[in-house]
Amino acid sequence: MSDHRIEKDSMGEMQVPANALWGASTQRAVINFPVSGRPIAPELTRALGLVKLAAARVNNKLGDLDAELAGSVESAAREVAENKLDEHFVVDVYQTGSGTSSNMNANEVIANRAIQLRGGEIGDKSVHPNDHVNLGQSSNDVFPTAIHVAAAESAQSRLIPALEELQDELKKKSEEFWDVLKIGRTHLMDATPIRLGQELGGHASQVEHGISHLRNTLGHLQELAIGGTAVGTGINTRAAFGSMVAAELSSETGIEFTEAGNHFEAQAAQDAAVAVSGALKTIAVSMMKIANDIRLLAMGPRCGLGELKLPATQPGSSIMPGKVNPVMCESVIQVGAQVQANDLAVQLGGQWGQLDLNTMLPLIARNLLESMRLLANVARVFTEKCLRGLEADAERCRSLIEESLSMVTSLNPLIGYDEAAKVAKEAFETGKTVRALLEEKELVSKEDLDKALDPESMTRPSE
């Protein structure tokens, strides 16, 4: 048997691997775009399957596709949506800017799989990739629709739950460490005391706000371009097609999708994706700060701050025995950098909505979906392998408070700023604590001194 078969498209014949479900159009794209070796994301492949499934169902309801044919297309599209046929999605990410090559990849795979399900021979066109699978559609409305579906699903089913777990764990640690008093630091220098729980509570609030920013972008993302076909006018489709497909996608995903209020905006621009990516960037920045704060507070274990103790996850050095590094924090920081870089790519992609179509769609999808995947995955492992095992060294925190020169701040109301500054300077030069120096000088009574230098009272406003 030959290891190839001949398929035809509007440009003529092409040799296609015998067992491949794709056809001539896809094969041309494989030849044309040997760029990165990376196909589109599995989340996007799933979304294309869902769109084609919904379209087949709607075309049958509208009387444009007979029930048997529509059923075969729907069954094949279901397999695509379940990522069972990912090996047949072979077009490189860096392809035609509208995603036409990947849309045709989906059309051909679904058509040939539907032919198989009907007992036919692959490539016989009894189920046609354009006339049946792509009926009432264009790459120009399908691909942006698939991006929105994939991103909305990724946000709601993976990223937001992972971030909520991260937020919950930070809140738990905030409560657990509430009574641990430590020195605050501004400009990386000693400042007045703070509760360890207050610091971690600030981190929890960052994540909470990040989730809120992301949720605020989802409304626009849930508007779908489907129904606009080539340029937004809806040529070659029925007026009800877009809204009916959106309803079917809502049913399949549990996410409330609607037909875009303006198809020209939905196809010519990608502002929704740019906004979502901006929210992801904000989350990445927050997570980098959180991870780095925890990394700094755990410096040591003996020659650094040492206020936190990180769980040991793996040996830290190939040459220094016993060394353990903050590897989970470093993973978060690297992801944060990558997400910020991805956001720039999405931003640039959004700028290339020229006239009636954006021609950076595969690039936008690749970076947007990768950012969601990276943030979701790293949030989960950071929560599980770092935060849940995080411990506080309360004794170390107390000793650093006592040694801090900034304890003198609470004496401003008693001896004035200038005198307090002199005390701080002398304490530094002599190596004495602020408390010991003030006891020697007898500038204030012992009762007032103990009250003023009570670190717990410094963690809140005066009564």
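Where a number appears in this text, it was derived from the coordinates with a stated rule and is not lab data. No experiment lies behind these values; they were computed from the predicted model shown. With ideal geometry, Cβ positions are generated from the backbone for all residues, glycine too; neighbour counts draw on all protein chains shown.
Would you check if there is a residue in the range 306-317 being surrounded by fewer than 17 Cβ atoms within 10 Å (Cβ to Cβ) and out of contact with any helix residue (DSSP H, G or I) (no Cβ under 9 Å at 6 or more places or on another chain)? Yes; the residues of the range 306-317 include at least one that is surrounded by fewer than 17 Cβ atoms within 10 Å (Cβ to Cβ) and out of contact with any helix residue (DSSP H, G or I) (no Cβ under 9 Å at 6 or more places or on another chain). The C-beta contact set for the range 335-347 (first residue free of Cβ contacts under 8 Å to residues at least 24 places away in the same chain and over 8 Å from LYS281 (Cα atoms), second residue assigned to a helix (DSSP H, G or I) and of a type outside the set (Gly, Ala, Ser), distance under 7 angstrom, 6+ apart or interchain) comprises ALA345/LEU363; ALA345/ASN367. Within the range 442-463, being out of contact with any Lys or Arg (no Cβ under 6 Å at 6 or more places or on another chain) and part of a helix (DSSP H, G or I) holds for LYS446, GLU447, ASP448, LEU449, ASP450, LYS451, ALA452, PRO455, GLU456, SER457, MET458. Condition (residue is touching a residue at least 40 places away in the same chain (Cβ under 8 Å) and at negative phi) applied to the range 430-448: is it met by at least one residue? Within the range 430-448 (the criterion being touching a residue at least 40 places away in the same chain (Cβ under 8 Å) and at negative phi), the answer is no, since none of the residues qualifies. Residue count for the range 18-32, restricted to those that are surrounded by fewer than 22 Cβ atoms within 10 Å (Cβ to Cβ) and part of a loop (DSSP other than H, G, I, E, B): 3.
For the range 377-394, name all the residues that are surrounded by fewer than 19 Cβ atoms within 10 Å (Cβ to Cβ) and in a helix (DSSP H, G or I). ASN377, ARG380, VAL381, GLU384, LYS385, ARG388, GLY389, ALA394, listed by residue number.
Within the range 301-351, the set of residues being among the charged types (D, E, K, R) and more than 26 Å from SER371 (Cβ to Cβ) comprises ARG302, GLU307, LYS309, LYS323.
When SER286, SER318, SER277 are checked against the criterion of being among the small types (Gly, Ala, Ser), over 16 Å from the mean Cα position of the chain (by Cα) and either at negative phi or assigned to a loop (DSSP other than H, G, I, E, B) (or both), a single residue qualifies: SER318. Does ASN216 satisfy the criteria of being surrounded by fewer than 15 Cβ atoms within 10 Å (Cβ to Cβ) and in a loop (DSSP other than H, G, I, E, B)? Answer is no for this residue.
Results for (1) under 19 Å from THR45 (Cα atoms); (2) of a type in the set (D, E, K, R), shown as yes or no for each residue.
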{"position": "GLU330", "(1), (2)": "no, yes"}
{"position": "GLY336", "(1), (2)": "no, no"}
{"position": "ALA341", "(1), (2)": "no, no"}
{"position": "LEU344", "(1), (2)": "no, no"}
{"position": "GLY349", "(1), (2)": "no, no"}
{"position": "TRP352", "(1), (2)": "no, no"}
{"position": "MET360", "(1), (2)": "yes, no"}
{"position": "LEU363", "(1), (2)": "yes, no"}
{"position": "MET372", "(1), (2)": "yes, no"}
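Tell me which of these ALA230 doesn't satisfy, since it passes every other one: (1) outside any loop (DSSP other than H, G, I, E, B); (2) under 30 Å from LEU62 (Cα atoms). Condition (1) is where ALA230 drops out. Residues that are under 30 Å from HIS263 (Cβ atoms) and assigned to a helix (DSSP H, G or I) are absent from the range 398-413. Filtering the range 168-186 to residues that are outside any strand (DSSP E or B) and either closer than 14 Å to LYS289 by Cα or among the aliphatic types (A, V, I, L, M) (or both) leaves LEU170, VAL180.
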